[in-house]
Amino acid sequence: MAENKLGKRVSKYREQLELSQEQLATNSGLDLALIKDIEEGRTYPPVGQLIKISRALGQRLGTFMDDQFRPDPIIVRKSGRESEASSRSDFGDYQYFPLGKGKTDRHMEPLFIKMEEEKVQEMSIHEGEEFIVVVSGKVILRYGKEERILEEGDSAYYNSVVPHYVGCVGGPASIYAVLYTPI
C-alpha cells in the first residue's frame, strides 16, 4: 500500500478518540507491534484483524477503504478491479479488491480476494456475518470445530461470532466475500 491510506486512517480515528496505540491494541485484542506496523504502513492486516480495529474505533470496515463517494449503483467491471491492499506475512498472502468502494452508506463489505497458502492459520472472531463463494482453487473453511473443503462454485454463509478461518489449500485460490459487521 504505497500511500499508507489505511495507517493514516487508523491513526486519525485513534487520535480523535484520544486513544494511545497501547489502548487500541488492548481494545482490539491485537498486538501493539501490529498496531504500530499498520499505522506506519509496514503491513496491511487480514480482514479479520481489520474488523477488530474498526470495531475498536467505532467505525465500519469500509471507513478504512473508501476514498470518495460515488452515486448508486456502484458497478465494478472485472477489468477495472483495483487491488486496495495486499497482506503478506506469516498470516498469508492476500490481495483485496473492494467491490463497494465509494458507497459510503453501505452496511456490507463486498470483496474479491486472491490468496496464497499461509504458514500461520489464525482463527478470526468478530460480530456479524460472512458469505463467501469460491471462484478458483480449493478453500478450507474452519468453523468452530468443523472443517470443510470448498471448491470452485461452492459457497458458505456463516455467523462470524463463531471462531472461523478461511484459507487456500494446495495452491492459490480466489473468492468473493461479503462481510457484514454491525457498528
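Of note:
- Karplus-derived HN-Hα couplings along the range 155-172 (A = 6.51, B = -1.76, C = 1.60, θ = phi - 60°), whole Hz, x at Gly and Pro: 9, 8, 10, 8, 7, 8, 6, 8, x, 8, 8, 10, x, 9, 10, x, x, x
- Packing-based exposure ordering (other Cβ within 10 Å, fewest first) of 131, 97, 64: 131, 97, 64
- With helices as the sole contributors, the chain gives -6000 deg cm²/dmol at 222 nm; each DSSP H run of n ≥ 4 counts as -39500 (n - 2.57), and the sum is divided by every residue.
- When the Gaussian network model of the chain links Cα atoms closer than 10 Å, the mean-square fluctuations of 118, 147, 129 top out at 147.
- Cβ charges +1 (Lys, Arg) and -1 (Asp, Glu), total dipole of the chain, debye: 400
- Cα shape, the range 5-64, gyration tensor, a/c 1.5 rule: rounded
- Among 163, 71, 110, residue whose mean-square fluctuation peaks in a GNM of the chain (springs only between Cα atoms under 10 Å): 71
- All Cα pairs of the chain, percent lying beyond 30 Å: 14
- Sorting 106, 148, 9 by the number of Cβ atoms found within 10 Å of their own Cβ, with the fewest placed first, yields 148, 106, 9.
- Remark on residue 102: its backbone amide H falls under 5 Å from those of 67, 68, a criterion applied only to residues 5 or more positions apart or on other chains, H modelled at 1.01 Å from N.
- The charge dipole of the range 5-64, taken about the Cα centre with unit charges on the Cβ atoms of Lys, Arg (+1) and Asp, Glu (-1), comes to about 300 debye, rounded to the nearest 20.
- Counting every other Cβ atom within 10 Å of each residue's Cβ, 6, 34 order from fewest to most as 34, 6.
Each reported figure results from applying straightforward, stated rules to the coordinates on display, with no laboratory input. All values reported here derive from a predicted model rather than from experimental measurement. Note that each Cβ is placed from the backbone with ideal geometry, even for glycine, and that neighbours are counted across all protein chains shown.
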